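I have placed the structure first, in the form of structure tokens, so that the comments after it can refer back to it.
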Amino acid sequence: MTLQQRIFIFSIFTMVAALTVAGFVSYFEFSEQHRFALEHSSQVEKVNPAWEALEIVLFTGGCTLVIVVAGAFLLTSAVIRPISQLTTVLENTNVDNLLDPVNGNGSGDELDRMTTVFNLMKKRLSLSFTQSREFTLYASHELKTPLAIMHSTLEQMISAESSVTNKDRLGSILEETQRLAAIVEQLSFLAKADAGLLMFQKLKIDLDQIVGDSVDDIALLAAVKNISVTCECEHLAILGERMRLRQLFLILADNAIKYNRENGRILIQLKKQDNRALLQISNDGVLLDASLHERIFDRFYRGDISHNGEVEGSGLGLSIAKSIVEAHQGTIFFDVSPEGLNRISISLPLIDDAKTLF
């Protein structure tokens, strides 16, 4: 039975019930008036017919209104409930639960058909995502070997080449090969993260130590553009993998240098906030429009298109950083600080909270 047919039948039933009750009440009222007239025939002329009619209308109309309102409420509740449930499922659908089917009501109505179509769409999307992940994972894996061979061959050719011109050309090709190998390695990392294949060794880590050990390296890189580096750290411990956390910090710091101005500054802060470790890295670069704050974590997105050629990189660094943060049960976001600086903030669970997460 379709939803339209059910609504129609329920409406007819409600109207019939309302009319039946109205008829019964009217019959009862007329019978009472007739009995009263027979028993008090001398006083019938004193009863105002208008009041009798009003009394009948109020009784029958009130009963009818109650039935109609109750029927309308039940009808709308029955119709809206499955729609609300389906909406909730749609809101909670993401890449991780595409294979979880949505339960239908089994009635074969429009909503049940919509649920079936939605389940088919989820299966197609899941297949598409799976194929995309597998292609990236397998392609990056297969490209590593030929790139390694090309790299080794080019190094040997440069060593054996006597012509300065040819050495320069081969050196340029080698540089591009190294860049391509780095991109393939980054794509492989992201593909493994998407597939849930990244296995991190969760140990107690002093996050302030990782930041402190890396600040000197960051200061050397920033000195090329005369960028000052300021670090303010509290002692905080989390559960995680040291190598990946160091990689995360270096990615963010390198990004803060690349997209900074000459004679700018970088502010690194590590503090406790709401029982979590909050790492913030701010820089003096050109402020991004608010509509782009989420996009900087997209793969191959590199900010202002007009400046892409001026900044080296593949546009995968922040995507990798986001994967590392999420693997540590953390969150990462971009905003503008009250001082007017570009700022990336990372929130990670402290070791007491992290014990319950891994």
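For labels at residue 123 and residue 339 in the simple 7 Å Cα→Cβ model, what's the distance in nm?
Computed distance between label sites residue 123 and residue 339 equals 5.6 nm.
Per the Kirkwood definition applied to all pairs of different Cα atoms, how many angstroms is the hydrodynamic radius of the stretch 123-194? Show your work: numbers first, answer last.
Details: mean 1/r = 0.0723 Å⁻¹.
Averaging 1/r across every pair of different Cα atoms and inverting gives 13.8 Å.
So what are the three principal axis dimensions of the stretch 136-237 from its Cα atoms, in whole Å, longest to shortest?
On the principal axes, the stretch 136-237 reaches 55, 41, 18 Å in Cα extent.
Residue 265's amide H: which non-local residues (gap 5+, or another chain) put their own amide H closer than 5 Å, with H modeled 1.01 Å from N in plane and none for Pro or chain starts?
Residues meeting the criterion, in which the H sits 1.01 Å from N, are 228, 284.
Which lysines does residue 202 reach when only Cα atoms under 27 Å apart count, and residues fewer than 8 places away in its own chain are ignored?
Filter leaves 192, 271, 272, 322, 355.
For residue 231, list long-range residues whose amide hydrogen, built 1.01 Å from N in the peptide plane, is under 5 Å from its own amide hydrogen.
It is 268, by chain and number.
How many angstrom lie between the C-alpha centres of the stretch 130-181 and the stretch 316-348?
Spelled out, the Cα-based centre of one part sits 32 Å from the other.
What nm distance separates the two modelled labels at residue 90 and residue 272, each placed 7 Å from Cα along Cα→Cβ?
So the label points at residue 90 and residue 272 sit 4.5 nm apart.
Measuring from label point to label point, each 7 Å out along Cα→Cβ, what is the residue 13 to residue 31 span in nm?
2.7
Ordered by residue, what ³J(HN,Hα) values in Hz, to whole numbers, does the stretch 270-283 give under the Karplus form 6.51 cos²θ - 1.76 cosθ + 1.60, where θ = phi - 60° and Gly and Pro are x?
Values, residue by residue: 10, 8, 8, 8, 6, 6, 9, 8, 10, 9, 10, 10, 10, 8 Hz.
Can you work out the Karplus-derived ³J(HN,Hα) for every residue in the stretch 161-166? Use 6.51 cos²θ - 1.76 cosθ + 1.60 with θ = phi - 60°, whole Hz, and x for glycine or proline.
7, 9, 6, 5, 4, 5
Hey, if you put +1 on the Cβ of every Lys and Arg and -1 on every Asp and Glu Cβ in the stretch 212-309, which of 238, 286, 224 ends up farthest toward the positive end of that dipole?
Result: 238, furthest along the dipole toward the positive end.
Each value in this text was obtained by applying a stated rule to the coordinates, not by laboratory testing. It should be emphasised that the depicted structure is a prediction, and the values quoted were computed from it without experimental measurement. Note that we place each Cβ from the backbone using ideal geometry, even for glycine, and neighbour counts take in every protein chain shown.
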